[in-house]
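Working notes for the structure below.
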Amino acid sequence: MSVTAQRPAPALPFAKARTTRRRSPRQMRDSFLLTFVAVVLVAGFLSPLLRSLALSFQTPEQISQVNAPLWPASPLTFNYEGRDYPVYKVPINGTTREMALVKKGRTESQFVDPSNASAGLITWQGGWRTLEPALTFSPTFDNYISVWSLLNYPRLLFNTAAIAVIGLIGTVLSCTLVAYGFARFRFPGRGVLFLILISTIFLPAAVTLIPTYTIFVKLGWVGTWLPLLVPTFFANAYDVFLLRQYLLTIPREMDEAAAIDGAGPLRTLISVIVPQAWPVIIAVAIFHLVYSWNDFFGPLIYLSTKPDLQPLAVGLAVFSANRSAQEPGLIQAGTLMTLIVPVLLFLVFQRVFMRGVVITGVEK
Amino acid sequence: MHRTIPAFSAVVVALAVLITACSGGNANSSAPAASGTPQPTGPPVEIKWYCCLGTGDDKTQLPVEAKVVDDFNKSQTHIKLVFDHVAYDGARAAFATRIASGTPPDVVGPLGVGGAEAFRGQWLDLKDLIAKNNVDLSVYGQGAVDFYKVAGQGQIGIPFAVYPSELYFQKDMFDEAGLNYPPQKYGDKYKMPDGTMVDWNYDTFRTIAMKLTVDANNKDATQPGFDPKHIVQYGFEPQRDDLRGMGAYFGAGKLAADDNKTVQIPTGWAYGWKWIYDGMFKDHFIMTNQVYKSTAFNGGGYAFNSGKVAMQENFLWNVCCVTDAGDNWDLGAIPANPTDNKVTAVFNADTFRITKNSQHPDEAFTVLQYLLGPASKTLLNAYSAFPARTADQADFFTGLQGQKTDKGKPVYPAKVDWQIAVDGIQYADNPNFEAWMPAYNKSLDLLTQKLTKWTSTPGLNMDQEISTLKTQLQAVWDKG
Amino acid sequence: MIALRRPRMSRLAWHEARSGLLFLSPWIIGFLAFTLIPVVATLIFTFLNIKLDQEQPLRFVGLDNYLALFGDPQVWDSLLVTLKFAAISLPVAVILPFSVALLLNSRSLRASSLFRVLFFLPYVVPFVAGVLIWAQMLNSDSGWINGLLGLVGIQGPDWLNDPSWVYPGLVIIGVWGIGGGIIVNQAGLKGIPTELYDAARIDGAGWWGQLRHVTLPMMSPVIFYTLVLGVVEVLQYFLVPLVLNQGTGEPGGTTRFYNLYLYQTFFSYQDMSYGATLAWLLFLITLAITGVLFWSARFWVYYAGETSYS
């Protein structure tokens, strides 16, 4: 480690001008390569989501078609004498015609020509399974509609948001205070207490579940949001650890300046530390939001008797619970409908994330 | 801070012991209500109905259950019934947590033998409540009542629903292959395409299934040039939830010998496991585990529902969710084991039970009677369960046939032969494959391991595998 | 400012200590109320014989559970499984988010905020759904990964059923979780003063030199954080195999992770006391490893705002 921190330069009111610099050809080439690599990585990373998206618009019949393409495709059908028959591309008499398969057979099958139905059934020699079906693009919105109504989506969305936001406030407030205590103050037993803090995550949750549940039963909190929300106001090891690490990297010069000006510890926290720690505080907020949004087991245990209070994660579990009839389309639609909100929120938050960095001055 | 810690820790330890004693103990914490009917006055007693350690989770079933709860609450004021629904994936953990913390739910169900055995010893002996409430058990067949009389635990259930097994098959696929449909009466012979009449046993079945297994080039598994890597239609799908059940379709039996300590592998099961293994890796008419899990074949749900399997053996409850298989399927007879010519149509039964440590057993029993009585027809319909009550059995299938989707289409094909399902009851496996065995849950884990291994790995020596299973299971039982 | 005599220092120090503890109070209260009691309770369980059905009366069994622990071959098998998996997954868990954050932070990258959102996206997918989606991708018959390999002529392995490939398969499934790590690393990267890079460039350091002499040392607190949490997480790894194969430990016992065995002991075999004993062994192991990590921190973790922590 050969570089030590230098005195920070005076704060600049705007971001370092990187886009105004003229790009040399070499920089352009680097930029292109790097972007290309990023595109490839992201494509691979996100490809399963593409599949989810496609599946969410398909009916179970479409999904289980032989050689189903990625896009929602249904076989074209033709109604002949009261029943619908699927249309295939049949090579017959030297050309390929689209005909409806009426009677399946192993070595020969019978078709009807949609453009000439009155001519009756045409027998074709060959295996019908080797033929390509004529497909049409037919996405269905049924999955999304089902999720909306079966789950009572608006209600569950509200529950999920409420639980997440309240928990977020509790977490950010309490974890910032506690991390500040660990990072900026000396007191007897600091080392021991920090070790105890970290070690609270060493015990797997399954073990403390039963005693914890019992406590909440005795308090009468089961069937309410309290077991999920109240503990967030008392800090958690992960976020305190993260915040403390970050706070330790903030030099003390401004702290000392504020102290000289007569600011107490709380004042220093609010006006000196927090503005510099903005990125990591936002990170903590995002983490809690995502964690709470997808938290399944806690709400499952405590809210099982109150479907009106449940978050989306618990509601969704109903779709994957039935083992007889897995409906991939429904599950994917539900998943996408659940994650759309945090993603949108992240889009907003991450701008603030960036802006917060700029406001604190480019010394950071 | 330092000074206060020792005193505080003493308090904490005391609290912890207190909680332990309250939750871990076996004492029945509240005495049963005084003899006679429960008090009609006072604040309503809350009874929790816990679901779902068995069926009951499906999105079509939940609204039905909610309405049953609602109707019950409207019909009287003494009891407030609450539906405690935990999705199947978390149901066992949540149930164990509730029991351990001293607040067990009161009524649990519907659940079958397997779900109940996982929590052996947690169920209330209903003998006294049955006597107190003058319940008439003769409306159920004696066999059904005895099914729930377990040594050492008493009468821990009252019959509610039975699910016999039957063969499901797709008529179109038989037509396309030029094959006759399977027999629809037990004892009937089967007519092969060349006109000969043969016994309907697993040898015949294998040939038929191979003819119904087709690859992308339209070749079936009996033809040269068949490509096992590109199969688009499978001939047969066994019931592969439980290794024991898989075997039981080839002969009834149980793993625990009569001394309740020694492992025995029923001969029918060994035959069946080998037959199925060959069906997967030699003759290719049964799909392997990897194919079973792919979305093309229903992603780990029952593959018959993908509409690309010609036949399956399954319980009657599967009827609830087989509608994706199309509208031209029918039911037929389970084949016989060719070595002894016996048919075994494996049996499942569901009911509701009361937990041993429920704090309000009398009220719980009232709820139980409601579920088994006035609400039973609605629930049985929703679970596609065959009533255990003999008098209700005739109407059951009419009810099923009349079900319509919310778009007005009938749920079931017009001419399903339901009778063959009823006929299967007399071939129920006795002893039941889910019968008790030592170290039940640990044993089940081992069996599930073997199931995954045997359905995923080619090239195994099945005789050796079965004998290894016997040794390993014995080791688990010996450890206790 | 004035020459400080001892009593004055200790009063200032006392003020500082009091403020510090005051800021800590939310955690301390919560710890005592919600954490300490359950934790002590589980410790007590290890000395009793609590089972769910409690067929035998509740009694004090002393060290029986601990003795059983040492004689239980499954415990040591499972620990080995966990450690083998950690050898593969821990490096990925630490290096991958760091690398992606570096990429996103690079000035040569166009549209970096778009990429940031895209890399973060899978982190938001609900856990079980994500596992199931990737299980389909890894399916040896119909999964895309083997499909892609097939395009270049490679016969893809049976990821989830082949003992030699199941750990890489599990790591692939876990890759979607790096979104959080990316954010943490990015926050850390943003916190590095740019003058340091300027100084390094003036000294003649190229890209690699800057990485070694500026980025890595300044990022060491964040890397430390990721490493510690990575260790804790891998020691408690069990949910993914539970979702994939209901805890059977397939293929061939390679996914019988220690925490999975613990979970089963609790909820399948319903032996609460033995489960608690297993948990405390895990606790001690985690404590030991983390303790070593913290001790090692003084050699490689650099905090700009504080002397390193002991």
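Listed by first and then second residue, the pairs with beta-carbon distance under 9 Å, at least 6 apart or on different chains, first residue in segment C:25-50 and within 7 Å of another protein chain (Cβ to nearest Cβ) and farther than 19 Å from C:L281 by Cβ, second surrounded by fewer than 21 Cβ atoms within 10 Å (Cβ to Cβ) and small (G, A, S), are C:L36/B:S9. Against the test of being open to solvent by 20 Å² or more (accessible area, probe 1.4 Å) and over 25 Å from A:V274 (Cβ atoms), the options A:S115, A:S199, A:S109 yield a single qualifying residue, A:S115.
So which residues in segment B:396-414 are part of a loop (DSSP other than H, G, I, E, B) and open to solvent by 40 Å² or more (accessible area, probe 1.4 Å), if there are any at all?
So the first thing to find is which residues in segment B:396-414 are part of a loop (DSSP other than H, G, I, E, B), and the list is B:402-403, B:405-409, B:411-414.
Matches in segment B:396-414: B:G402, B:Q403, B:T405, B:D406, B:K407, B:G408, B:K409, B:A414.
Residue pairs whose Cβ atoms lie under 9 Å apart, sitting 6 or more positions apart in sequence or on different chains, and linking a residue in segment B:54-71 that is among the β-branched types (V, I, T) to a partner that is open to solvent by less than 30 Å² (accessible area, probe 1.4 Å) and in a loop (DSSP other than H, G, I, E, B), are B:T55/A:N322; B:T55/A:S324; B:T55/B:G112; B:T55/B:S384; B:T55/B:A385; B:V68/B:A375. Within segment C:124-144, the set of residues being part of a helix (DSSP H, G or I), open to solvent by less than 40 Å² (accessible area, probe 1.4 Å) and within 14 Å of chain B (Cβ to nearest Cβ) comprises C:A129, C:V131, C:I133, C:W134, C:A135, C:Q136, C:M137. Selection of first residues in segment C:164-179 that are closer than 19 Å to A:V42 by Cα and of second residues that are polar (S, T, N, Q), restricted to Cβ pairs under 6 Å at least 6 apart or on distinct chains, gives the following pairs, ordered by first then second residue: C:V171/C:S89.
A Cβ distance below 7 Å, combined with a sequence gap of six or more or placement on separate chains, defines the contacts here; from segment C:282-294, residues that are without any contact (Cβ under 8 Å) to a residue 60 or more places away in the chain reach no residue that is among the acidic types (D, E) and surrounded by 16 or more Cβ atoms within 10 Å (Cβ to Cβ). Here B:N298 does not fit the description of being closer than 30 Å to B:L137 by Cα and within 14 Å of chain A (Cβ to nearest Cβ). Just to verify a result, which residue in segment B:107-129, among those that are open to solvent by 20 Å² or more (accessible area, probe 1.4 Å) and of a type in the set (A, V, I, L, M, F, W, C), is nearest to the other protein chains (Cβ to nearest Cβ)? Filtering first and then ranking leaves B:L124. Restricting attention to segment B:130-183, the residues that are part of a loop (DSSP other than H, G, I, E, B) and either surrounded by fewer than 22 Cβ atoms within 10 Å (Cβ to Cβ) or touching a Phe, Trp or Tyr at 6+ places or on another chain (Cβ under 8 Å) (or both) add up to 20. Would you call A:Y213 open to solvent by less than 50 Å² (accessible area, probe 1.4 Å), in a helix (DSSP H, G or I) and hydroxyl-bearing (S, T, Y)? So A:Y213 fits the description; yes.
Of the residues B:Q369, B:Q464, B:Q393, the single one that is in a helix (DSSP H, G or I), open to solvent by 40 Å² or more (accessible area, probe 1.4 Å), polar (S, T, N, Q) and touching a residue at least 60 places away in the same chain (Cβ under 8 Å) is B:Q369.
Every condition in (1) open to solvent by 10 Å² or more (accessible area, probe 1.4 Å); (2) touching a Pro at 6+ places or on another chain (Cβ under 9 Å); (3) aliphatic (A, V, I, L, M) holds for C:A288 except the one numbered (2). Candidates in segment A:121-174 are the residues that are of a type in the set (G, A, S) and open to solvent by 30 Å² or more (accessible area, probe 1.4 Å); of these, the one that is farthest from A:L228 (Cα to Cα) is A:S138. Candidates in segment B:309-341 are the residues that are at pLDDT below 90 and open to solvent by 20 Å² or more (accessible area, probe 1.4 Å); of these, the one that is nearest to the other protein chains (Cβ to nearest Cβ) is B:D324. Summed over segment C:103-119, the residues that are at the interface with chain A (Cβ under 7 Å from one of its Cβ atoms) and closer than 21 Å to C:Y197 by Cα give a count of 6.
Just the residues that are of a type outside the set (D, E, K, R), facing another protein chain (nearest Cβ under 10 Å) and assigned to a helix (DSSP H, G or I), please, taken from segment B:415-450. Correct list: B:Y440, B:N441, B:L444, B:L446, B:L447, B:T448, B:Q449.
The sole residue among A:T224, A:T208, A:T268, A:T232 that is over 26 Å from the mean Cα position of the chain (by Cα) and closer than 22 Å to A:I163 by Cβ is A:T208. Tallying residues that are modelled with pLDDT under 85 and either over 21 Å from B:Y383 (Cβ atoms) or in a helix (DSSP H, G or I) (or both) within segment B:103-129 yields 7. Which one is surrounded by the fewest Cβ atoms within 10 Å (Cβ to Cβ), of the residues in segment C:101-123 that are of a type in the set (S, T, N, Q) and part of a helix (DSSP H, G or I)? It comes out as C:S113. I'd like to verify a number: residues in segment C:199-221 that are open to solvent by less than 20 Å² (accessible area, probe 1.4 Å) and more than 26 Å from C:G181 (Cα to Cα), how many? Going through segment C:199-221 one residue at a time, the tally reaches 1. Hey, any hits in segment C:237-247 for a residue that's within 11 Å of chain B (Cβ to nearest Cβ), surrounded by 24 or more Cβ atoms within 10 Å (Cβ to Cβ) and either part of a loop (DSSP other than H, G, I, E, B) or within 21 Å of the chain's Cα centre (by Cα) (or both)? No.
Checking each residue in segment B:213-228 for being farther than 10 Å from A:T130 by Cα and in contact (Cβ under 8 Å) with a residue 12 or more places away in the chain picks out B:T213, B:V214, B:D220, B:A221, B:T222, B:F226, B:D227, B:P228. Close contacts from segment A:56-78, counting a first residue that is open to solvent by less than 20 Å² (accessible area, probe 1.4 Å) and a second that is in a strand (DSSP E or B), with Cβ to Cβ under 7 Å and a gap of 6+ residues or different chains, come to A:Q62/A:A73; A:Q62/A:S74; A:P72/A:F137; A:A73/A:L135; A:A73/A:T136; A:A73/A:F137. Determine which member of the set A:T208, A:T249 is more than 17 Å from C:I37 (Cβ to Cβ), open to solvent by 10 Å² or more (accessible area, probe 1.4 Å), within 9 Å of chain C (Cβ to nearest Cβ) and not charged (D, E, K, R). Answer to the check: A:T249.
In the set (1) open to solvent by less than 20 Å² (accessible area, probe 1.4 Å); (2) more than 30 Å from B:L469 (Cβ to Cβ), the condition left unmet by B:F205 is number (2). Selection of segment A:256-275 for residues being open to solvent by 20 Å² or more (accessible area, probe 1.4 Å), in contact (Cβ under 8 Å) with a residue 40 or more places away in the chain and facing another protein chain (nearest Cβ under 9 Å) yields only A:P265.
Scoring B:Y186 on the criteria (1) surrounded by fewer than 21 Cβ atoms within 10 Å (Cβ to Cβ); (2) assigned to a loop (DSSP other than H, G, I, E, B); (3) under 15 Å from the mean Cα position of the chain (by Cα) leaves a single failure, condition (3).
The values are calculated or read from the model by the stated rules, or taken from the named source; none is laboratory data. Please read these numbers as outputs of a predicted model, since none were measured by experiment. Reconstructed Cβ throughout: ideal geometry from the backbone, glycine too, with neighbour counts over all protein chains shown. These accessible areas exclude ligands, DNA and RNA; they are computed on the full protein's heavy atoms, side chains included. Shrake-Rupley method; radii C 1.70, N 1.55, O 1.52, S 1.80 Å.
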